[in-house]
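Rule-based calculations on the coordinates, nothing more; no lab input. Please read all numbers here as calculations on a predicted model, not as lab measurements. FYI the Cβ positions are ideal-geometry reconstructions off the backbone, even for glycines, and counts take in every protein chain you see.
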Amino acid sequence: MTVECRSSHLLAVYARRDVPFVSGHGCYLIDETGRSFLDFGSGIGVNALGYGHPAIEAAVARALGSGLVHTSNLYRTAAGEALAEHLSAASFAEAVFFCNSGTEATEAAIKFARRTRGGRARTDIVAARGSFHGRTTGALALTDRPAWAEPFAPLLPGARFIDLGDREPLAAIDPERTAALIVEPVQGEGGVVPVDASVLAALRQWCDETGVLLVFDEVQCGLGRTGTLFAYQQTGVTPDILLLAKPLAGGLPMGAVLVNERVAAAIRPGDHASTFGGGPLVSAVALAVLNTIDQPAFLAQVGERGRVVANRLQDLVRTRPRVRTIRGRGLMWGVVVEGDAGNIVTRAYEAGLLLLTARRDVVRLLPPLVISADDLERGLALLREVV
Ligand SMILES: *Cc1c(COP(=O)(O)O)cnc(C)c1O
């Protein structure tokens with residue numbers, strides 16, 4: 001039986017497909033009519049381990065067995081400390097702050113950067129054209145979507161945008177007014193755009209010369225998505241602050257802000273807080289996710305699968321006139337098409353394949369990182385049929 005899912009009492013901020021999913025297994029979702037869908041969207045980059053992954057189920061069961069879903073940040077949390085330790089050991093970070101979403105990670109980074117930069121004058125934040133950093137009034141100010149921002153102006157003041165394609169993107173920026181520069185090493189919502197390592201290196205150099213903090217938003221491209229634990233590790237450029245969220249806690253809400261020694265030294269008790277941030281349940285699940293992803297064999301397999309995707313998509317560029325170009329790293333790909341990518345996503349849905357868009361003309365692929373070679377080929381064949 002199909003139940004209409006108009007959800008009339010949910011605030012109408014989302015356009016949703018009609019038929020709800022009732023279960024998931026591996027890389028497949030089952031809807032209430034019994035149809036199964038191969039998921040190349042991972043719940044927008046969240047379900048890196050797919051559905052029903054044993055490591056996540058075991059971590060949830062163990063954490064619930066202790067009775068501690070939440071204790072508050074008035075007390076120490078062993079799982080949160082272990083998670084911070086793992087993230088620090090695996091990165092440049094000296095310390096980690098936990099929150100509950102990517103947007104909150106952006107907001108925390110704004111405050112941490114301002115605090116670290118001291119004086120009240122150095123408050124501007126510079127973001128890149130094509131950026132996405134979240135939807136609250138701070139994060140949205142740093143997101144390059146004027147149509148989303150305009151109805152809600154004024155947003156956070158002091159947001160400036162640079163074009164990373166410019167020869168000297170920072171020429172007009174006054175570092176003495178600036179706290180931080182925020183960039184996604186691979187832009188997600190902006191169309192799956194990997195930023196050249198040479199461009200990131202130039203930003204790093206400018207930040208080193210001026211004292212402005214370099215923030216990498218790896219909410220979408222981090223945690224194994226590009227074939228290394230962090231996307232920055234493929235660029236030779238290290239940020240001062242790194243943002244994580246989407247896949248971090250296996251579908252439970254969690255964000256993290258990783259900071260280097262300089263930032264950690266500037267932050268004082270009371271500077272920021274989150275009631276739910278880093279609680280026992282989400283931290284235990286995130287630790288299980290991280291232990292699964294941060295394995296050489298796991299990451300090597302993401303790279304391997306990514307090369308298959310690149311090859312198959314190159315075929316599309318050669319054989320399908322509507323496909324203009326492809327961009328991506330690891331298992332994060334954009335297929336730039338002529339016309340509306342949404343039509344392709346709808347046709348794929350009808351054929352049993354879940355895809356995403358990014359802007360109007362990009363079909364975005366974010367399959368679960370655990371996808372098998374067979375499922376990957378199957379999804380790529382379906383994609384081929386619908387473009
Ligand atoms: C999704 C996303 C965010 C916002 O995360 P939410 O959890 O939706 O608040 C921020 N930055 C990037 C790069 C994202 O992809």
Checklist entry - Considering the chain as a Gaussian network with a 10 Å cut-off on Cα pairs, which listed residue, PRO367, PRO185, PRO321, attains the greatest mean-square fluctuation? => result PRO321
Next on the checklist: Please return the longest range in the chain lying between exposed loop sites, taking GluC sites (Glu not before Pro), DSSP loop only, at most 11 other beta-carbon atoms within 10 Å, and leaving the sites out.
Outcome noted: 5-337
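Could you tell me which of rounded, prolate or oblate describes the range 11-50, using a ≥ b ≥ c as the square roots of the eigenvalues of the alpha-carbon gyration tensor, with rounded for a/c under 1.5 and, failing that, prolate when a/b is larger than b/c and oblate otherwise? It would help to have the intermediate numbers written out before the result.
On the way: a/c = 2.55, a/b = 1.19, b/c = 2.13.
Taking the square roots of the gyration eigenvalues as a ≥ b ≥ c, the range 11-50 is oblate.
For each of THR103, THR178, THR275, count neighbouring Cβ atoms within 10 Å of the residue's Cβ, then give the residues from fewest to most.
On the way: THR103 21, THR178 24, THR275 9.
Ranking THR103, THR178, THR275 by Cβ neighbours within 10 Å, fewest first, gives THR275, THR103, THR178.
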Checklist entry - For ARG329, which sequence-distant residues (separation of 5 or more, or a different chain) have an amide H within less than 5 Å of its own amide H, given hydrogens modelled in the peptide plane? => result none
Item to check | the chain: antiparallel DSSP beta bridges as a percent of all, rounded to 5 | outcome: 65 percent
Checklist outcome for this item: Residues whose modelled amide H sits under 5 Å from the amide H of CYS99, counting only those 5 or more places away in sequence or on another chain, are GLY255, ALA256, VAL257, GLY278
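What dipole magnitude, in Debye to the nearest 20, does the range 243-387 give about its Cα centre under +1 on Lys/Arg Cβ and -1 on Asp/Glu Cβ?
Result for the range 243-387 is approximately 460 debye, rounded to the nearest 20.
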Checklist entry - Between the range 265-285 and the range 178-195, what's the alpha-carbon centroid distance in Å? => result 25 Å
Checklist entry - Where Rh denotes the Kirkwood radius from the mean inverse Cα pair distance, what is Rg over Rh for the range 1-115? => result 1.04
Checklist outcome for this item: Filtering trypsin sites (Lys or Arg not before Pro) in the range 92-185 by DSSP loop and by at most 15 other Cβ atoms within 10 Å leaves ARG120, ARG129, ARG167
Checklist entry - Which is the longest part of the chain that has none of the chymotrypsin sites (Phe, Trp or Tyr not before Pro) sitting in a DSSP loop with at most 10 other Cβ atoms within 10 Å? => result 76-387
Checklist entry - Looking at the range 30-110, which trypsin sites (Lys or Arg not before Pro) are in a loop (DSSP not H, G, I, E or B) and have at most 14 other Cβ atoms within 10 Å? => result ARG35, ARG76
Checklist entry - How big is D, in µm² s⁻¹, for the chain by Stokes-Einstein at 20 °C and 1.002 mPa s if Rh is the Kirkwood radius over C-alpha pairs? => result 99 µm²/s
